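Data block below; observations after.
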Amino acid sequence: MAALSTTLHRRNAAERAVPPVSVEYASERTLARSVVEQLVDARLRVSGRGGATAGGPSEHELAEELIRRELDRLAGQRLAAGLPLLAVDEEQRLSAAVLAQVLGLGRIQPLLDDPDIGDIHIRGTAPVWVRLRDGSRAERPPVVDTDEELIDLVRLAAARLGSNERRFDAANPELNLQLPDGSRLFAVMAVSQRPAVIIRRHQFGLASMAQLHGLGMLDRALLEFLQSVVRARRNFVIAGGTGSGKTTLLRALLNEVPREERIVTIEDSFELGLDRFPELHPDIDALQARDANTEGRGAIDMAALTRMALRMDPDRVVLGEVRGAEAFPMLLAMSQGNNGSMCTMHADSSRSVFPKLAAYVSMAETGLPIDTVNLLVANALHFVVHVELIDGVRRITSVREVVDADGPRVISNEIFCPDRLGRAVPGYPMRDSTLDVLEAVGFDISVLDRPQGWW
């Protein structure tokens, strides 16, 4: 009502009756950019005072107030130029559009608000493609009218949501950003034919192994086995392709860790979201890699974070995803007492994890021969779990027990292997020493005897 009365007051002051006048999108972009700049300045002032002021306005309230001020300024400019004021519905539409850009992602926001949508792929003004939660893909209308509008939208989001200076231009053609709902935004320009935005959304609601069992990712025997692996503080890697459910499975397994244990997580970008479960993890520190600033300084990579984590007195060290030189300090951590550690990595099978780990260790320029690297892998890892997206359903398809190293090979047994539907069922028998460790934490080996298969 306040916005409506303010608009009517402006129209009366103009003492003219005119038809509604449309507003070009450039006005939205200009207003949004101005409001974002003022929000960032306000955030810096609060940060300089050591934090938020008690009883102060929320960011949403502040944004609405700034938009009202900008609309007042716009009205004054139109009056001074002898132009008609905006119609009531036009001003309300402009205000809502600017607010959506400032606090959301403009016309992308409805896609983010849709619970049935998983990943979002945007390429300039082309139709948007989305991956639905059931694994299928669907086409949606374009969310911008020009390529420049998409670039501007990303820059506005980076200015408001970035924890440090984040540029997105020809000299800095890629941008990684975490959105307020935990989704990850990756944007690229200049090196691509058209600016593109990819948004990966995470299902933080899938937080327990029981939920994943209910969705068909694993059966009861594998559920109890993995729960026992966590309790027994075994080290393991979760491997799979993009969108197969690696992070979801890792999060659910971490929520099986006893409450009194201290966890330090290391991520390229915050995705695990264990802070969303404070009742399960009261003692947790989350570390995130950092890109260099505009001067090319201040970068902190995953390998450096892994070394930091070992100085933070962890019971378990967890890497969100291994994809480079951080594999070496991670394996060292696993082999020198930080049992119960976990990580994910991209791999097309459980067996291919071992050569990929060897390749990642070589990126650390250790100079170690392959025999020594494989011996380190065999001493550090106990299990490898592989997940796949099969006919729209995420499933665990394979589990390997790491046994030993023999020169250029890591020896492992596939203790759970895929059946004809791709579901992991008991395969090669586990070693007696492994069964003893799992039984000591309550694992009932009789669940592996399942004559009727998946259950």
Under the definition of Cα pairs under 8 Å and six or more residues apart, what whole-number percent is the relative contact order of region 150-282? 18 percent
Could you tell me which helices of the chain pass both thresholds, a Cα extent of 30 Å or more along their own axis and a mean Kyte-Doolittle hydropathy of at least 1.6, with helices taken as whole DSSP H runs? none
Identify, among Ile151, Gly76, Ser349, the residue whose Cα sits farthest towards the positive end of the charge dipole of the chain, taking +1 on the Cβ of Lys and Arg and -1 on the Cβ of Asp and Glu, with the dipole about the Cα centre. Gly76
For Ala440 and Ala170, what does the FRET efficiency come to when R0 = 56 Å and r is the distance between their Cβ atoms, rounded to the nearest 0.05? 0.40
Counting other Cβ atoms within 10 Å of each Cβ, which GluC sites (Glu not before Pro) in region 228-337 have at most 12 and sit in a DSSP loop? Glu260, Glu279, Glu295
What do you get for trypsin sites (Lys or Arg not before Pro) in region 76-147 restricted to DSSP loop and a cutoff of at most 16 other Cβ within 10 Å of the site's Cβ? Arg133
Let me check against my output: what whole-number percent is the relative contact order of the chain, with C-alpha pairs under 8 Å and at least 6 apart? 11 percent
The answer for Ala347, listing residues at least 5 apart or on another chain whose modeled amide H is closer than 5 Å to its amide H, is Gly240, Gly241
If a paramagnetic tag sat 7 Å from the Cα of Gln211 along the Cα-Cβ line, which residues of region 247-268 would have the backbone N under 17 Å from that point? 247-257
Net charge contributed by nearby residues that have their C-beta within less than 12 Å of Thr125 (K/R +1, D/E -1): -1
State the percent of C-alpha pairs, over all pairs in region 209-448, separated by a distance greater than 22 angstrom. 51 percent
Whole angstrom only: what separates the Cα centroid of region 355-388 from the Cα centroid of region 227-270? 19 Å
Pairwise centroid distance, computed over Cα atoms, of region 294-318 with region 68-121, Å: 41 Å
Measuring from centroid to centroid over Cα atoms, what is the spacing of region 391-450 and region 153-217 in Å? 34 Å
Any idea how far apart Arg140 and Arg276 come out in nm if each label point goes 7 Å out from Cα toward Cβ? 1.8 nm
The chain, dipole about Cα centre (Lys/Arg Cβ +1, Asp/Glu Cβ -1), debye to the nearest 20: 480 debye
Run lengths n ≥ 4 of DSSP H only: what is the helix-derived mean residue ellipticity at 222 nm for the chain, with -39500 (n - 2.57) per run over all residues, to the nearest 500? -11500 deg cm²/dmol
Proximal charge balance of Arg394 [Cβ under 12 Å; K/R count +1, D/E count -1]: +1
Modelling each spin label as a point 7 Å along the Cα-to-Cβ direction, I'd like the Val188/Asp291 distance in nm, to one decimal. 1.3 nm
Amide hydrogen neighbours beyond the local backbone of Ile266, cut-off 5 Å, H modeled: Leu287, Val318, Leu319, Gly320
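Each value in this text was obtained by applying a stated rule to the coordinates, not by laboratory testing. Fair warning: this is a prediction, and the values are worked out from it, not measured in the lab. Note: ideal-geometry Cβ built from the backbone for every residue, glycine included; neighbour counts use all protein chains shown.
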